[in-house]
Ligand SMILES: [Zn+2]
């Protein structure tokens with residue numbers, strides 16, 4: 001189908017229409033083995049090396065539910081404030097896919113394990129409570145690889161290969177309720193929700209949540225209704241959006257596209273759509289199946305899941321501190337404003353600063369290094385802060401050496417350069433480069449006298465009371481000592497030497 005519609009500029013679209021968003025997030029669980037067999041669930045094995053009759057769907061094989069996967073799912077449900085079912089079943093979802101050998105997927109349908117929770121997020125200082133409709137378990141499919149074409153898609157490919165390693169990996173699907181009232185913030189709210197969900201999952205330790213490897217993938221539902229309308233519009237579902245930035249862009253581009261359709265008097269079709277990274281646009285996929293198309297029925301090969309109440313309470317009691325609680329605690333401990341905390345979060349520096357403080361630095365020093373010098377490095381080299389070749393412990397060590405007076409900031413930056421260049425630990429670099437603040441006055445005075453002799457005119461100005469001129473002499477001494485002098489002490493000594501023992505204010 002060709003689409004010739006021209007998108008409406010975002011602000012115009014939002015002025016006329018109210019968006020409604022919803023998100024379905026698939027999470028690959030980090031269990032050792034697969035959902036219904038003992039095959040390893042790790043990423044990156046040789047194609048079709050991690051398979052057995054169960055995950056290949058061979059006739060006569062029987063699935064057995066992975067207890068860890070149930071436990072992980074309950075933990076996710078509890079962290080998202082859900083009710084945990086005391087009894088529920090798996091269901092067969094029937095459809096054909098070449099990389100799904102059974103021609104049905106074992107999933108959950110009308111009896112999900114976790115229901116009716118929420119996740120709170122803050123966007124631009126506004127609180128949003130995103131309702132969680134359900135958290136259910138299912139198995140992942142295999143993966144098709146289309147060889148010979150230019151795009152990696154099946155069209156134009158010479159042949160296709162199927163890798164079943166992923167077949168049967170435990171998946172959890174977290175489905176939100178529709179999120180109303182987001183208005184112009186809809187794309188940002190969608191992104192903030194996925195970001196927070198990822199943080200929760202990471203804190204729970206149930207998944208490696210790597211979007212680029214597909215262990216976290218989102219379907220984004222978007223619909224528009226004219227402002228003031230009493231009914232929501234028809235929604236589209238943009239599939240497999242694989243980065244946080246793409247979540248935001250996909251919602252935005254769907255709002256712009258749907259507004260154009262509605263403006264032209266058209267009708268939004270209920271369908272799945274594909275998001276394209278390069279253009280930032282979505283294109284039509286297939287018309288959306290209704291539940292009845294899948295011919296769901298209870299999975300006859302598996303016993304029901306009936307977690308004991310005591311087990312659920314045990315899991316609740318051992319939940320880790322969740323990200324929002326942790327942020328609130330750190331903010332109070334560090335005495336930061338909301339704005340400071342947001343800046344740390346946006347820079348991806350929260351954990352790094354926390355680890356640096358744990359390693360002994362003051363919160364102020366930790367923030368200064370990560371948001372200053374190290375952020376500059378990350379920007380220049382186009383990497384994430386966390387990917388820089390320096391550990392929080394090393395940053396804490398550099399801060400400690402500065403606090404001891406053995407290094408000034410200029411020298412400390414040189415040490416940091418050395419660490420980032422892989423030349424060793426801070427102490428090794430200090431030793432190897434002979435970096436240390438020269439604080440012994442005799443050495444400094446020798447350099448000062450040499451500077452005065454070389455700049456008689458400047459010295460005369462200072463003698464006449466113009467303390468501001470001392471900067472030139474301080475600079476000369478710093479140069480002579482290769483930046484290793486304590487600049488404040490040098491200035492004091494120069495003023496003393498030239499009869500201005502009491503530092504004068506600049507005129
Ligand atoms: Zn298997």
Completion exercise
The condition from (1) at pLDDT 95 or above; (2) within 16 Å of the ligand (Cβ to nearest atom) that residue 102 misses is numbered (1)
Problem - Given (1) surrounded by 13 or more Cβ atoms within 10 Å (Cβ to Cβ); (2) part of a strand (DSSP E or B), index of the condition residue 286 fails - result: (1)
Handout entry: Selection from region 204-233 of residues that are outside any strand (DSSP E or B), buried (at least 17 other Cβ atoms within 10 Å of the Cβ) and at negative phi
Key = 204, 206, 207, 211, 215, 233
Problem - Residue, nearest to the ligand (Cβ to nearest atom), within region 1-34, restricted to residues that are under 26 Å from the mean Cα position of the chain (by Cα) and assigned to a loop (DSSP other than H, G, I, E, B) - result: 34
Exercise for the section: Would you confirm whether any residue within region 130-142 is more than 30 Å from residue 300 (Cβ to Cβ) and either crowded, with 21+ Cβ neighbours inside 10 Å or not assigned by TED's automatic domain parsing to the domain that holds residue 28 (or both)? Expected result: yes
Exercise for the section: Quick one: residue 87 ticks every box in (1) under 22 Å from residue 167 (Cβ atoms); (2) more than 31 Å from the chain's Cα centre (by Cα); (3) modelled with pLDDT of 95 or more except a single one, so which number is it? Expected result: (1)
Exercise for the section: Being at pLDDT below 90, more than 30 Å from residue 500 (Cβ to Cβ) and surrounded by fewer than 16 Cβ atoms within 10 Å (Cβ to Cβ) narrows it down to one of 431, 442, so name that one. Expected result: 431
Practice task
Could you check, for region 177-191, whether at least one of its residues is more than 16 Å from the ligand (Cβ to nearest atom), at pLDDT 95 or above, within 19 Å of residue 215 (Cα to Cα) and part of a helix (DSSP H, G or I)?
Solution key: yes
Problem - Boolean, residue 109 is closer than 26 Å to residue 296 by Cα, more than 16 Å from the ligand (Cβ to nearest atom) and either in contact (Cβ under 8 Å) with a residue 60 or more places away in the chain or in the same structural domain as residue 35 (by TED's automatic domain parsing) (or both) - result: yes
Exercise for the section: Would you check if there is a residue in region 55-65 being more than 16 Å from the ligand (Cβ to nearest atom) and more than 30 Å from residue 343 (Cβ to Cβ)? Expected result: no
Practice task
Would you check if there is a residue in region 184-197 being assigned by TED's automatic domain parsing to the domain that holds residue 66, surrounded by fewer than 21 Cβ atoms within 10 Å (Cβ to Cβ) and within 24 Å of residue 42 (Cα to Cα)?
Solution key: yes
Fill in the blank from the handout: Conditions (1) in the same structural domain as residue 244 (by TED's automatic domain parsing); (2) out of contact with any helix residue (DSSP H, G or I) (no Cβ under 9 Å at 6 or more places or on another chain); (3) loosely packed, with under 14 Cβ neighbours inside 10 Å; (4) free of Cβ contacts under 8 Å to residues at least 40 places away in the same chain -> residue 267 fails only (2)
Handout entry: Matching residues in region 44-54 - criterion: being within 18 Å of residue 32 (Cβ to Cβ), more than 10 Å from the ligand (Cβ to nearest atom) and either touching a strand residue (DSSP E or B) at 6+ places or on another chain (Cβ under 9 Å) or touching a residue at least 60 places away in the same chain (Cβ under 8 Å) (or both)
Key = 45, 49
Exercise for the section: Quick one: which residue in 19, 101, 40, 9 is touching a residue at least 40 places away in the same chain (Cβ under 8 Å) and in contact with a strand residue (DSSP E or B) (Cβ under 7 Å, 6 or more places away or on another chain)? Expected result: 19
Handout entry: Among (1) closer than 15 Å to residue 135 by Cβ; (2) within 16 Å of the ligand (Cβ to nearest atom) - the single one residue 165 does not satisfy
Key = (1)
Practice task
Examine region 79-92 for a residue that is touching a residue at least 60 places away in the same chain (Cβ under 8 Å), more than 30 Å from residue 191 (Cα to Cα) and surrounded by fewer than 18 Cβ atoms within 10 Å (Cβ to Cβ), and state whether such a residue exists.
Solution key: yes
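The values are calculated or read from the model by the stated rules, or taken from the named source; none is laboratory data. This structure is a prediction, so every number in the text was calculated from the model and none was measured. Methodologically, a virtual Cβ is constructed for each residue, glycine included, from the backbone with ideal geometry; neighbour enumeration extends over all protein chains shown.
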